[in-house]
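Trainee: First the structure, then my questions, so here it is.
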Amino acid sequence: MIPFDEARVFVLDRCPPPVSERVALRGVRGLVAAEAVTTAESVPPFANTAMDGFAVRAADTVGAPVDLAVIGTLAAGMVADRDVGPGEAMRIMTGAPMPDGADAVVMVERTTVSVDGNRVAVEVEVPVGNHVRGVGEDLRPGQEVFAAGTVLGPAHIGVLASIGCRTVTVYQRLRVGVLSTGDELVEGTPAPGQIRDSNRDALLALVEELGVTGIDLGLVPDDEEAIEAAVREGVASCDAVLTSGGVSMGDFDYVKTVLDRIGDMRWMQVAIKPAKPLAFGLVDGVPVFGLPGNPVSSMVSFELFARPALRSMLGHGRIDRPRVMAVADGPLERRADGKVHFVRVVVDYLDGAYTVASAGGQGSHQLSAMAGADGLAVLPDGVGIPDGGDVEVILLR
Ligand code: AMP
Ligand code: MG
């Protein structure tokens with residue numbers, strides 16, 4: 001067996017670097033900016049009002065209440081056709097540009113308009129700049145808006161739209177193919193001895209959670225030719241391929257055989273539980289992850305190896321889930337076996353501390369505990385963690 005860190009470094013070292021491309025703004029959510037973005041424009045582009053009310057000269061409100069002449073109405077999208085002079089006020093709506101002459105806005109709630117609409121009583125004294133949003137208060141021309149490496153979320157996309165940036169240089173969204181192997185697996189109703197393929201759906205969902213395009217490469221029997229054909233199809237059309245099953249010690253575990261023959265592959269026995277076997281290699285330069293078949297093992301193996309690798313290929317600076325220290329709520333028992341155990345746990349945050357409790361059955365076939373888990377508690381080799389003991393946990397959500 002090799003230590004977890006060695007296996008992880010082996011995988012990460014062999015994954016290709018991220019590839020940048022220019023993408024339409026609508027397609028960038030979740031991707032990483034490959035270049036810094038600077039703005040040529042100011043945001044806001046002009047001084048405008050933050051309130052519905054009256055644009056006035058602040059000096060005119062000294063000694064309020066004061067009575068001013070209403071000289072017109074300015075909606076958002078309009079430009080004033082005259083200045084606001086002394087003793088005057090212009091009705092103004094949120095977002096409308098400040099008329100020349102005015103230097104403050106009195107919100108409508110602090111005013112009373114005469115019956116004929118020609119006069120307005122201003123009840124409060126306001127300072128210069130009151131409710132005025134200055135030009136460039138958010139962004140100034142020449143300013144760096146986002147650094148390279150920024151993960152683009154909805155707010156970033158809004159900012160980019162606001163400065164007219166309709167295409168962005170990002171690291172490519174990956175296409176990741178997923179295939180299942182196993183003679184016992186079916187898509188429909190299982191006959192005696194058969195089970196439903198669950199790994200493909202779970203792995204495709206994990207892949208999609210990363211903001212990656214998942215490609216279903218199908219269900220393949222334990223047959224060397226069929227596995228080879230499916231892997232070749234996958235590497236021809238995807239940036240990475242995930243297989244599950246066929247990497248253990250069984251008589252029909254052909255995935256490792258095929259990857260060894262057609263690729264540059266290493267078959268590893270990693271000192272972890274679950275997910276001890278891992279086949280990883282490059283086929284035509286494309287990373288192929290031969291994940292173990294047990295449903296929990298394939299997901300944990302994805303978490304520990306494929307997820308960080310794919311995140312590095314997506315250009316993320318932070319490739320790992322956060323790890324925090326937690327207090328065991330109930331003992332987390334294990335036996336010494338030379339492996340690090342990743343125990344599926346429910347994580348809580350109570351009175352300033354994380355707590356973890358077992359999420360249920362810890363067998364590598366007991367996927368329901370994986371579904372109920374928010375974290376993987378990291379149990380070093382030994383006898384486990386007593387009730388109330390400190391334990392490191394990988395936060396899955
Ligand atoms: P293997 O790694 O191929 O030896 O499979 C280990 C265990 O995982 C066996 O019990 C398989 O039936 C099960 N298994 C393998 N692939 C899948 C899958 N795609 N969905 C559900 N169970 C699977
Ligand atoms: Mg199998």
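Trainee: From Cα pairs below 8 angstrom and at least 6 apart in sequence, can you work out the relative contact order of the chain, rounded to a whole percent?
Mentor: Computed over the chain, the figure is 16 percent.
Trainee: If the reach is capped at under 16 angstrom between alpha carbons, list the aspartates and glutamates near Lys339, excluding any in the same chain fewer than eight residues apart.
Mentor: Straight-line reach from Lys339, under 16 Å: Asp5, Glu6, Asp381, Glu392.
Trainee: Of Val159, Val56, Val168, which has the largest mean-square fluctuation in a 10 Å C-alpha GNM of the chain?
Mentor: Val56
Trainee: Also: By how many nm would the segment from Asp138 to Arg196 lengthen if fully extended, with 0.36 nm per residue of separation less the alpha-carbon distance?
Mentor: Here the segment from Asp138 to Arg196 would lengthen by 15.5 nm.
Trainee: Shifting gears a bit: With a 1.4 Å probe and every protein chain left in place, tell me how much accessible area Thr189 has, in Å² to the nearest 10.
Mentor: Solvent-accessible area, nearest 10 Å²: 120 Å².
Trainee: Please give the charge dipole size of the range 170-302, origin at the Cα centre, charges +1 on K and R Cβ atoms and -1 on D and E Cβ atoms. Round to the nearest 20 debye.
Mentor: Numbers: 10 positive and 20 negative charges, 114 e Å.
Magnitude of the dipole: close to 540 debye.
Trainee: Have a look at Asp67, Asp374, Asp216 and tell me which one the Gaussian network model of the chain (Cα, springs below 10 Å) gives the largest fluctuation.
Mentor: Asp67
Trainee: Now for a separate question. Of Leu74, Leu379, Leu204, which has the largest mean-square fluctuation in a 10 Å C-alpha GNM of the chain?
Mentor: Greatest mean-square fluctuation among the candidates belongs to Leu74.
Trainee: OK, next. How long is the gain from Asp337 to Ala64 if the chain were fully straight, where each residue apart is worth 0.36 nm and the alpha carbon distance is subtracted?
Mentor: Details: separation 273, 0.36 × 273 = 98.28 nm, distance 8.16 nm.
Contour length minus Cα-Cα distance gives 90.1 nm.
Trainee: Using a Förster distance of 25 Å, how high is the FRET efficiency between Ala76 and Glu35, based on the Cβ-Cβ distance and rounded to 0.05?
Mentor: Calculated transfer efficiency: 0.15.
Trainee: Lys and Arg at +1, Asp and Glu at -1: add these up for the other residues within a Cβ distance under 15 Å of Ser312 and post the number. Could the numbers behind the result be given before it?
Mentor: Values: positive: Arg8, Arg14, Arg173, Arg307, Arg311, Arg318, Arg321; negative: Asp13, Asp239, Glu303, Asp320.
Spelling it out: positives minus negatives among the neighbours equals +3.
Trainee: Assigning unit charges at the beta carbon (Lys, Arg +1; Asp, Glu -1) and nothing else, what dipole magnitude in debye, to the nearest 20, does the range 56-184 show about its Cα centre?
Mentor: In debye, rounded to 20, the range 56-184 gives about 400.
Trainee: Figure the gain on full extension for His365 and Asp387 (residue separation times 0.36 nm, minus the Cα-Cα span) and round it to one decimal in nm.
Mentor: Details: separation 22, 0.36 × 22 = 7.92 nm, distance 2.57 nm.
This chain segment gains 5.3 nm when fully extended.
Trainee: Packing-wise, with mean Cβ within 10 Å as the measure, how do 291-298, 332-339 rank, highest first?
Mentor: Ranked from most to least packed, the peptides come out as 291-298, 332-339.
The values are calculated or read from the model by the stated rules, or taken from the named source; none is laboratory data. Not measured: the values here are computed from a predicted model. Backbone-built Cβ (ideal geometry, glycine too); neighbour counts: all protein chains shown. Note: areas computed on protein heavy atoms with side chains; ligands, DNA, RNA excluded. Shrake-Rupley method; radii C 1.70, N 1.55, O 1.52, S 1.80 Å.
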